[in-house]
Amino acid sequence: MRMTEYVSFDAVGLAELVAGGEVTPAEVEAAAREAAQAVNPRINAIVETWPADDEPTPGSTPLAGVPFLIKDLGVSMAGKRTELGSRLAAGNVADADSSLMRRFRRAGLVTLGRTATPEMAYSTTTEPVLYGATRNPWDPERSAGGSSGGAGAAVAAGVVPIAHATDAAGSIRVPAACNGLFGLKPTRGRVSVGPDFDEILNGLAVQGSVSRTVRDSAVLLDQIRGPEEGDPYFAQEPSRPYAEEVTRRPGSLRIGVLTQAWGGRRTTTPVADALSRTVRLLESLGHQVEEVEVDLGVDWEEFVLANARQWTANLTVSVDELAAASGRPIDSSTLEPPILASYHYGQQVSGAQFVTAFAVRNRVARSLARYFAAHDMLLTPTLPELPVPLGAYAEGAETLDGLGWLRRVFDLTPFSAAFNVAGTPAMSVPVTADPGTGLPIGMQFAAGYGREGHLFRLAGQLEQASPWSGRTPAVWAGNAVASVVESRHDERRG
C-alpha cells in the first residue's frame with residue numbers, strides 16, 4: 001500500500017478497503033509503521049511501538065484492521081507498559097486488559113503502540129521529563145497540546161487516522177485544536193473507565209479519541225460506548241448510532257456564542273477573527289447565533305480552587321500507590337516540580353474541603369443545565385490563542401504550589417474545564433485556520449447532557465460546508481515518506 005494512498009483514507013475508509021479485499025490488514029499495518037518511522041523522530045508523539053497481537057476479521061466491524069494507538073494513561077493493555085508519562089511509574093506493566101482495551105479489541109482495531117502524555121496527564125501541553133516534549137506537526141516549535149498531545153500529533157502527522165485520548169479538563173479538545181483535528185469529549189458515563197478506576201478524578205475524566213474526520217470519532221464511540229456492571233455513572237443510550245447522526249441534518253439550531261472566557265483571559269485577535277468567521281458560516285447554514293453571557297454558577301477563583309482540591313487529592317492517592325508499587329521515593333528524582341508541588345498540596349486537602357469541591361461541581365452543572373434548557377449549543381473558541389511555544393507552561397513553574405499550577409493550566413485553557421465539571425459533551429472542530437501562520441484554530445461546541453448526537457449532526461454539516469481534510473501539516477507522513485524514497489533514489493544514482 002503506497003503511503004500517499006494510506007494517508008488519504010480515514011479509519012472507516014481503510015476498514016472498507018480491508019473488508020473489500022483491496023488491501024490486507026498486514027499491508028495497512030506496514031504502512032502505519034512506515035509512517036511512524038518517518039515522522040515520529042520529528043514530533044516525538046509515540047513513546048513505544050510493539051508487534052500487533054490481534055488478527056481482525058475483515059468486515060467484522062466498521063473499524064476492523066485499522067491501525068491504532070493508545071495513550072500512555074487511562075487504558076491498560078495486558079503485557080504492555082503504562083507509565084503515565086512519569087519516572088515514578090517507569091517500567092510499569094499491566095497484567096490485564098482494562099474494559100476499554102477489550103472494547104478496542106472487539107472493534108477490530110490493531111493497536112501498534114502508545115502515545116505520549118504529560119506526567120500524570122496533569123497539563124494541557126505534552127512535555128514530560130520521562131520522554132521529552134511532543135512537537136506540533138504544524139510547527140515543531142509549538143505545543144501539540146495535552147494531555148493527549150501524543151495522540152493529537154500522531155494523528156495529525158498521518159501515522160494513524162484515529163487514536164485513543166482522554167479528557168479531564170480539555171485533554172481531547174485542546175490537542176484537537178492545536179493539531180487541526182476533530183475531538184469530542186463524551187458525556188460523563190458514556191464510556192466505562194473501569195475496572196481499575198470507578199471514576200477517574202471523581203467523574204471529571206472521560207475516554208474518547210481524536211481523528212481527522214467526524215465519522216471516525218462517531219463510529220469509534222459507537223463501538224466503545226455503554227456502561228460496565230457497577231459503573232457509578234450512566235448516560236442514557238442514544239436513539240440511533242452516532243455514525244448515522246453525522247449524515248443527518250441538524251435543523252436550525254439556537255447557538256449562543258461566548259467570546260471571552262470565564263476568568264478574564266482575553267481571546268487573542270487571530271482566534272477572535274476565526275470565531276467571527278465561524279459565526280458567519282453558522283448563519284449561512286441557517287442557524288440562529290447570538291452572543292451570550294453564561295453564568296458558571298460560581299466565580300472563577302472558587303471554580304479553580306474546587307478543581308485544585310479535587311485534582312490534587314486524587315493525585316496524592318495515585319502517587320502514594322505508585323510509590324508503594326515501585327519502591328521509588330516521592331521526590332524530585334521521580335516527579336516533576338508541578339506534580340510534586342501538587343502532591344504536597346493534595347496532602348493538605350481536608351475531607352470537608354473535598355466535599356465542598358463536589359458542591360461546587362453540582363452548582364456548575366445546574367447552572368450550565370439552565371443555559372442548555374434555552375439554547376441548543378454553546379460556541380466558544382477551544383483555546384484563547386494559537387498553540388503556545390514549547391516551554392511556555394514551564395516558565396517559573398518551580399515556584400508554584402498545586403493551586404498555582406492548576407491556575408496556570410486553566411488560565412491557558414479557560415474554555416474547556418467547565419464541561420468536564422458539568423459532565424456535558426463538547427467537541428473541538430477545525431473549521432478554520434490562521435491566515436498568517438497557517439496554524440489550525442479549533443472551535444468548541446458544547447451541548448446538554450447526553451446530547452452527543454446533536455454535536456455529531458452539526459459537526460458533519462460543518463465538515464461538508466468547510467472541509468478541513470485537504471489541509472496537512474508541515475510534518476506529514478505522505479510528504480516525509482516520499483522525501484525518504486527520493487533521497488534513497490538520489491543516493492543510488494550517485
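The Cα-based radius of gyration and maximum Cα-Cα distance (Dmax) for region 252-393 are 20.0, 60 Å. As a proxy for reagent exposure, ranking 239, 332 by other Cβ atoms within 10 Å from fewest up yields 239, 332.
Within the chain, the selection of entire DSSP H helices by a Cα span of 30 Å or greater along the long axis and an average Kyte-Doolittle value of at least -1.0 returns 300-326, 351-374.
Taking one quarter of the surface of the C-alpha convex hull of region 53-96 gives a mean projected area of 3.8 nm².
List the longest stretch of the chain that has no exposed loop site; here a site is one of the GluC sites (Glu not before Pro) assigned by DSSP to anything other than H, G, I, E or B, with at most 13 other Cβ within 10 Å. So the longest stretch without any such site is 23-228. Let me make sure I get this right: for region 375-423, a, b and c are the square roots of the gyration tensor eigenvalues over alpha carbons, sorted descending. Under 1.5 in a/c it's rounded, otherwise prolate if a/b > b/c, else oblate. Which is it? Cα axes put region 375-423 in the oblate bin.
Remark: the Cα gyration tensor places the chain in the rounded category, a/c being less than 1.5. Ordered by the count of other Cβ atoms within 10 Å of each Cβ, fewest first, 311, 300 give 300, 311. Cβ crowding within 10 Å ranks 49, 124, 380 as 49, 380, 124, fewest other Cβ atoms first.
A viscosity of 1.306 mPa s and a temperature of 10 °C, combined with the Kirkwood radius over Cα pairs in Stokes-Einstein, give a translational diffusion coefficient for region 52-196 of 104 µm²/s.
Using alpha-carbon pairs under 8 Å, 6+ residues apart, how would you state the relative contact order of the chain in percent? The normalised contact order for the chain reaches 18 percent.
Bear in mind that the values in this text are calculations on the coordinates, not laboratory data. Note that the structure is predicted; figures quoted are calculated from it, not measured. Neighbour counts run over all protein chains shown; Cβ positions are idealised from the backbone, glycine included.
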